[in-house]
Amino acid sequence: GEPVVNSAKCIGCQKCVKICPATALEMYFTPEERKILDELAAQGDPVEEEIDPEAAALAEKLAAYRGVWVFIEQTEGEPVRVSWELLGVGKELAAKLGVELCAMVIGENVEHLCREAFAYGARKAYLVDAPVFKHYRTESYVEACCHLIAKYKPEVILMGATGMGRDLAGAVATRVSTGLTADCTGLDIDGKRNLMQTRPAFGGNIMATIMCDKFRPQMATVRPNVMPMPEHTGSTAGEIVREEFSVPEANIFTKVIEIIRDAKSKSHVDIAGADFIVSGGRGVMAPENFAMLQELADELCGVVGASRSAVDAGWMPQERQVGQTGKTVRPKIYIACGISGAIQHLVGMQDSDVVIAINRDRNAPIFEVATYGIVGDLFQIVPMLTEQIRDLKL
Ligand code: FAD
C-alpha cells in the first residue's frame with residue numbers, strides 16, 4: 001500500500017532515502033521547511049551529522065580487514081591458469097585499495113607456486129604446506145582457508161570458478177558468514193572500499209553489480225579466460241609467510257584412495273585454452289556439416305566450438321558449448337558460423353582478440369561484436385576460407 005509518513009516523528013534527516021535498497025524514496029520540502037533545515041545546517045545542528053553507533057561499529061569491523069588475496073589452485077603441484085588471471089585483476093584492485101596483493105597457497109610441496117605468484121604480481125604469499133593437503137578435499141582446505149582468514153583478515157578473496165574453486169569458495173563463505181558472488185565478469189572498487197562484483201543476472205538480460213558491504217572478506221569467483229592473463233615479470237621476489245597449520249587426518253571423512261584419469265580426457269578438446277576456434281550454430285543445419293568447420297579449424301590448428309542451439313540439437317557435445325552456460329573463451333581468432341549472437345553466447349566469446357562472423361542475416365547481433373563480418377551463406381564461405389588458407393600455406 002501507500003507508504004505512510006509519521007509527520008510527528010519525521011525530522012527530515014533523509015536517512016530513509018539513503019538506505020532504501022531500491023532507491024525508491026525521494027523527499028520533498030516546502031520552501032518554509034527548506035529554510036528551517038538550511039538554518040539548522042548553518043548552526044551546525046547535528047541532524048545530518050548524527051553519529052549512528054551501529055554504523056560506527058560496522059565501520060570498525062570492516063576496517064580490521066585489509067589486503068587482496070587470490071587462491072592459487074593446483075593439482076599435484078600443477079597450477080591452474082585462472083589463478084594467474086586473477087592475480088592480474090587482483091593487482092588492479094589492490095592498487096585502488098592501497099593494499100598488498102597476496103597469494104594463498106595450500107597443498108603439499110607447493111612452495112614453488114608462491115614464487116610463480118610473485119612473478120605474476122603478488123607481493124606476499126601465505127603458504128600452508130603439509131601432507132594432509134596433498135589432494136584437494138573440501139574439509140581440509142576449508143580449515144586451512146578459514147585459519148588464514150581468521151588470522152590475517154583479508155578484505156577480498158578471489159578464486160577461479162572451477163570445480164575446486166566453486167566448491168571451496170562456497171564452503172568458506174558459509175563458514176566465515178560472508179557473501180560470495182559466483183562467476184563475476186567484472187571487478188572494481190567503489191569509494192567506500194567495497195568490491196563491485198559484476199555478473200550477468202536474469203539469464204544474461206542484465207548485468208548486476210553486487211556488493212557485500214556489511215561483511216568481510218568479500219569473496220568472488222571468476223571463470224577461466226574472463227580476465228586477461230597478466231605479464232610474467234620473471235621476478236620471483238616476494239615474502240613467503242609459512243603457516244604451521246595442519247588438520248589431523250582422522251578428522252577428515254573424505255579419503256583419496258586412487259586417482260583414475262578419465263580415458264576420455266585424452267581425446268578431450270579444450271576449447272577454453274584454444275587460440276583458434278571455429279564455432280557453429282543452428283545455421284550449420286546438421287551434425288555432418290560440422291565436418292566442414294573442422295576442416296577450417298584443422299587448417300588453423302584450432303578447434304570446433306558450438307552455440308547452445310547446436311549442442312541442444314545434439315550436433316555437438318556439451319563440452320564444446322561457448323557461452324553463459326558453456327565455456328568462456330578468449331582465442332586469438334573466433335569464427336562464428338551461423339550463430340545469431342544471443343547475449344548468452346556473446347558473454348562467452350566477446351573478449352576474443354578477433355571475431356569473424358559469417359551470417360546470412362545482415363542484422364544478426366553477432367555483427368555488433370565482430371571485427372570482420374561476412375554477410376552470406378556459410379556453406380559457400382567456409383570452404384572458400386579453408387581453400388584460401390591452404391593456398392597461403394603452399
Ligand atoms: P539461432 O539464434 O537460431 O541463429 C542461427 C543463425 O544462423 C541466424 O542468425 C541465421 O541468420 C544464421 N544462418 C542460418 N542459415 C545460415 C547460412 N546458411 N549461412 C549463414 N548464416 C545462416 N546460447 C549459447 O550459445 N551458449 C550458452 O551458453 C547459452 N546459455 C543460455 C543460458 C540461458 C539461461 C538461456 C535462456 C539461453 C542460453 N543460450 C545460450 C541460448 C541463446 O539464447 C540462443 O538461443 C542461442 O545462442 C542461439 O543459438 P544460434 O545462434 O546457433 O541459433
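The values are calculated or read from the model by the stated rules, or taken from the named source; none is laboratory data. This structure is a prediction, so every number in the text was calculated from the model and none was measured. Heads up, the Cβs are rebuilt from the backbone with ideal geometry, glycines too, and the neighbour counts pull from every protein chain shown. These area figures cover heavy atoms from the full protein model, side chains too; ligands, DNA and RNA do not enter into them. Shrake-Rupley method; radii C 1.70, N 1.55, O 1.52, S 1.80 Å.
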Potential lengthening between Val354 and Lys151 on full extension [0.36 nm per residue; Cα-Cα distance subtracted]:
68.5 nm
Work from the charge dipole of the chain (Cβ charges, +1 for Lys and Arg, -1 for Asp and Glu, about the Cα centre) and give the residue of Ala313, Leu195, Val17 farthest towards its positive end.
Ala313
Calc'd 3J(HN,Hα), segment 197-205, phi into Karplus 6.51 cos²θ - 1.76 cosθ + 1.60 (θ = phi - 60°), Hz, glycine/Pro = x, comes to 9, 9, 7, x, 9, 6, x, x, 6
Give me the angle, in degrees from 0 to 90, between the Cα long axis of helix 378-393 and the longest principal axis of the Cα atoms of the chain, rounded to the nearest 10.
70
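What is the sum of charges, Lys and Arg at +1 and Asp and Glu at -1, for the other residues whose Cβ falls under 12 Å from the Cβ of Ala161?
0
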In degrees from 0 to 90, rounded to the nearest 10, what is the angle of the helix 81-97 Cα long axis to the longest principal axis of the chain?
30
How many Å² of accessible area per residue for the chain, probe 1.4 Å?
54
Any chance you could look up the accessible area of Lys214 with a 1.4 Å probe, heavy atoms only, rounded to 10 Å²?
100
Where does the charge balance sit around Gly373 when Lys and Arg score +1, Asp and Glu -1, over other residues with C-beta under 15 Å from its C-beta?
-1
Under 5 Å, built H, 5+ apart or other chain: amide partners of Met196:
Asp188, Ile189, Asp190
Per-bin percent of Cα-Cα distances, the chain [10 Å]:
4, 19, 23, 21, 17, 11, 5, 2, 0
As a test, work out the antiparallel percent of DSSP beta bridges whose residues both lie in the chain, rounded to the nearest 5.
20
If I take every Cα pair under 8 Å that is 6 or more residues apart in the chain, average their sequence separation and divide by the length, what percent do I get for the relative contact order?
12
The correct ranking of Arg223, Arg360 by accessible area at 1.4 Å, largest first, is Arg360, Arg223
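Lys and Arg at +1, Asp and Glu at -1: add these up for the other residues within a Cβ distance under 11 Å of Arg216 and post the number.
Here the count lands on +3.
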Once the Cα atoms of helix 138-152 and of the chain are each reduced to a long axis, what angle between those two axes, in degrees from 0 to 90 to the nearest 10, is obtained?
40
Tell me, how many Å apart are the Cα centres for segment 83-118 and for segment 342-394?
37
Per-selection Kirkwood Rh - segment 170-243 (Cα, Å, 1 d.p.):
14.5
Taking amide H positions as placed in the peptide plane 1.01 Å from N, state which residues far from Gly179 in sequence (5 or more) or on other chains have amide H under 5 Å from it.
Met219
Hey, what did segment 249-394 get for relative contact order, percent, Cα under 8 Å, at least 6 apart?
21
Under the helix-only model (-39500 (n - 2.57) for each DSSP H run of 4 or more, divided by the residues of the chain), the mean residue ellipticity at 222 nm, to 500 deg cm²/dmol, is -9000 deg cm²/dmol
Of all DSSP beta bridges in segment 8-137, antiparallel share, percent nearest 5
15
